[in-house]
Structures are given as C-alpha cells and as structure tokens.
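Novice: Just passing along the structure, written as structure tokens.
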Amino acid sequence: MKFNTKVIHGNQHHEKVTGAVMPPVFQTSTYAQKSPGIPVGDYEYSRAANPTRQALEDALASIENGARGLAFASGLAATDCLLRLFKAGDEIIAMDDLYGGTYRLFTRLYKDSGIKFHFVDMNDLDKFQSLINENTKLVWVETPTNPLMKLADIQEIAKITKKHNLLFAVDNTFATPYLQKPLDLGADIVMHSATKYLGGHSDVIAGALIIKDKTLGDELHFKQFATGGTLGPMDSFLVLRGIKTLHLRVQRHCENGEKVANFLANHPDVDKVFYPGLPDHPFHEIAKKQMSGFGGMVSFTFKSGKKEDAISFLEKLKVFTLAESLGGVESLANHPALMTHASIPEDKRLEVGITDDLVRLSTGVEDIDDLLADLEQAFR
C-alpha cells in the first residue's frame, strides 16, 4: 500500500459494531467487566487503551512503517517516556541544534537524574563517535532541526549506532513521514510533536512515538500506561482526522515553502536563508538523499543583523500570524530567541547560530501570491 493510501486506510478499520467509517470518539474512562479481571470486550481502562487512541496509534505505526505506535498528551510527554528507559550512569548523545523544549527537558528536568547528555554536531561523525563509550545508550537526532534546518544523515548515523548496539531515535516532526522515513533508514524510534503537521490544524496538542521493534514498543507502552501521559480520545480523533489529509497538505506546504525560500534568498534585506531545498544550503545533498521533498519551514536572518528589524518585520505581518508552533494550514511566524528557544541560554543559542535577528516561518497552504505579498510589505 502506497503512502497516499496508507494515511487513509493503513491499519484502519470500520468500527465493528456500527460500521462507522471514521472511528467514533469513545469518550469513556472505563469499561464493563463480565467477572473481575475479565472485560466484556478488549478494553478495561482508558489510560491503558482506548479504541479511538488505538485507531490513531495503529495509523501512526502504518505511516512510519513501525511495529507499534503510541500517542501522548504532547511531544514532550513522548520524549519523556522514552527517557524513562534509562537510569543514572547512562549517557545520551544528542544533536546540538534542538527544539528548545527538548533541550530544556534534557538539561533541566533530567539534570539531577544521573543521566549524562552530550550535545554534538551530528555531521562531524568522528567527534560523534569519540563520545561513544560503554555507558552510551541512546542517540537523539532532530532532522531537519528547529529552527536552523540542519540535517543529519540518518543512514550513516544508523551504521554507527548498530555497530555499538545503541538505540537511535529521530525527531521527524519537521519532515513528517510523507517526506522522510527514519525507521526505513535505520532508526529504532521516531518521535513526533503531532501538534504540528500530523494534526495540521492548530487545534490539538499531541505527541507520538513509533517503534520499529515490538518488544521495545511494548516496554514503552507499559511506561506510558504507568506514568499516564496518554492522549485523550477527542484529541486522538483530531490527530487521526489530520493524518487523513497529511499528504495533500504537506505537498502544498512544500510548494509554498520553496517559493518563500527563493523569494527571501533574492530579497535585498535578507542575509541568510535556511531551507534545505536551496542548492546552496549546506545539507542540500543530504536532504535530496533522504527526503522526498524539502518541507514548509523556512528561517532567515537580516543583513542588518538587528533584533529590532526582526521584531518590526514580525509585527507588520498580516497573513502570517505571529505565534508559536508550526505545521498548521495557516502560515505562522516566530522569533526563536524570544519564543520557542528562549529556554536555551543565550551563549548556547549563539553557539549553534540562533541569533537575535533570526525569524522562523511556517508556510501554510494559503495562496502563494498572498504570502509573498505579505512578506514584501512587512519588509518595508
């Protein structure tokens, strides 16, 4: 079954009692039992499993080619569940350019756990390998990264992680399974902030893990059940509905993203444009190798280098909405240093290239002429 069919039919079934084409919202916390410990059907308590969430989790496994999918209350809840596999003394190697919430989770919430985190440029494979030791348990990669659109070669990293018997997890939020399949490229686990492209309509907060190995998937499901970070049935329904049109939306996101990137690359007020579809992007060849398109996320800086110019530009936008998040049908604009990445210390932000004049755009599915006109007037 090809992807465009999978998003609609992959691991999906008509509801068996009524024949409903879309899974109903099973808004229930508990389920009747015939005898103690013997449920009437397949469910006992919705923290463990819920039919609507199960339908979403089955769909997630299908579109990422995994053995098991798990749906969480947020992307950070999904990441936190994964981290619960590890204990004091374990070490995790992570990409040096990460979403601010991930960095905050790693460095602040887990700082007293005894788990040691290393942050490295994953394109420097020699340096990456030099950090591996007997305590290393996980490699965490975000590709493309938020907000600088850096890429990491999933296949090359997977060769190293397999050699050292390490778990390899990829945050696939920006690319989506429509453009990139980390499990097929050698990763063990995929994470999504399903709030973004999977939901696609800025109306839900959700996260997901998709696991290649069923045994590991079962272990993570137990941790999810035991800690309670599960996604509710209504939110599960909304994400599942979003997945049905993922292929259509991301295709338009890519079309608009490429045109916005080219517009910015030729604008006299713009210094650098960060978009993997541009031939001069440092990771353009990696993008062509492992992605089927370049996505809808574009970041750029100003020739003036001034924070004030970035803020003025953002305040003038009319079609683009100044807001956090991304991946919805509407176009959004963001100032990473003051918004999504404010939790990262300034020296660390500057070290990886998140300057005060950096603007991140999430190009939506509106008419491209309206988007370009809005950008042009905001520069004036």
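The values are calculated or read from the model by the stated rules, or taken from the named source; none is laboratory data. As the structure is a computational prediction, the values presented were derived from the model and not from experiment. Counting neighbours? That spans all protein chains shown, and the Cβs are built from the backbone with ideal geometry, glycine included.
Novice: Please go through (1) modelled with pLDDT under 95; (2) in contact with a His (Cβ under 8 Å, 6 or more places away or on another chain); (3) buried (at least 22 other Cβ atoms within 10 Å of the Cβ); (4) not acidic (D, E) for G100 and return the number of the only condition it doesn't satisfy.
Specialist: Going through the list (1) modelled with pLDDT under 95; (2) in contact with a His (Cβ under 8 Å, 6 or more places away or on another chain); (3) buried (at least 22 other Cβ atoms within 10 Å of the Cβ); (4) not acidic (D, E), G100 breaks only (3).
Novice: Give the range 221-236 a look and list any residue that's buried (at least 21 other Cβ atoms within 10 Å of the Cβ) and of a type in the set (A, V, I, L, M, F, W, C), or say none.
Specialist: The one that is buried (at least 21 other Cβ atoms within 10 Å of the Cβ) and of a type in the set (A, V, I, L, M, F, W, C): L231.
The rows are residues; the columns are (1) crowded, with 23+ Cβ neighbours inside 10 Å; (2) more than 24 Å from V319 (Cβ to Cβ); (3) touching a residue at least 40 places away in the same chain (Cβ under 8 Å).
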residue: L209; (1), (2), (3): yes, yes, yes
residue: G217; (1), (2), (3): no, yes, yes
residue: D280; (1), (2), (3): no, yes, no
residue: Q290; (1), (2), (3): no, yes, yes
residue: G295; (1), (2), (3): yes, no, yes
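Novice: Also, quick follow-up: Is the range 237-258 home to any residue that is surrounded by fewer than 18 Cβ atoms within 10 Å (Cβ to Cβ), over 21 Å from A175 (Cα atoms) and either free of Cβ contacts under 8 Å to residues at least 24 places away in the same chain or not assigned by TED's automatic domain parsing to the domain that holds I205 (or both)? Spell out the reasoning first.
Specialist: Just the residues of the range 237-258 that are surrounded by fewer than 18 Cβ atoms within 10 Å (Cβ to Cβ), to begin with: 241, 244-245, 248, 251-252, 255.
Still in the list and also over 21 Å from A175 (Cα atoms): none.
No: the range 237-258 contains no residue that is surrounded by fewer than 18 Cβ atoms within 10 Å (Cβ to Cβ), over 21 Å from A175 (Cα atoms) and either free of Cβ contacts under 8 Å to residues at least 24 places away in the same chain or not assigned by TED's automatic domain parsing to the domain that holds I205 (or both).
Novice: Collect the residues in the range 170-192 that are buried (at least 24 other Cβ atoms within 10 Å of the Cβ) and closer than 17 Å to M95 by Cα, keeping them in residue-number order.
Specialist: Hits for the range 170-192 are V170, D171, N172, T173, F174, A175, P182, A187, I189, V190, M191, H192.
Novice: Something else about it: Among the helices (runs of 4 or more DSSP H) lying completely within the range 143-261, list those that include at least 3 residues that are under 15 Å from the mean Cα position of the chain (by Cα).
Specialist: Those helices (runs of 4 or more DSSP H) span 176-179, 233-244.
Novice: Check L371, L314, L326 and return the single one that is in a loop (DSSP other than H, G, I, E, B), outside the structural domain of T173 (by TED's automatic domain parsing), hydrophobic (A, V, I, L, M, F, W, C) and within 28 Å of G75 (Cβ to Cβ).
Specialist: Sole residue among the options that is in a loop (DSSP other than H, G, I, E, B), outside the structural domain of T173 (by TED's automatic domain parsing), hydrophobic (A, V, I, L, M, F, W, C) and within 28 Å of G75 (Cβ to Cβ): L326.
Novice: Identify, by number, the condition in (1) touching a strand residue (DSSP E or B) at 6+ places or on another chain (Cβ under 9 Å); (2) closer than 24 Å to L326 by Cα that G101 doesn't meet.
Specialist: (1)
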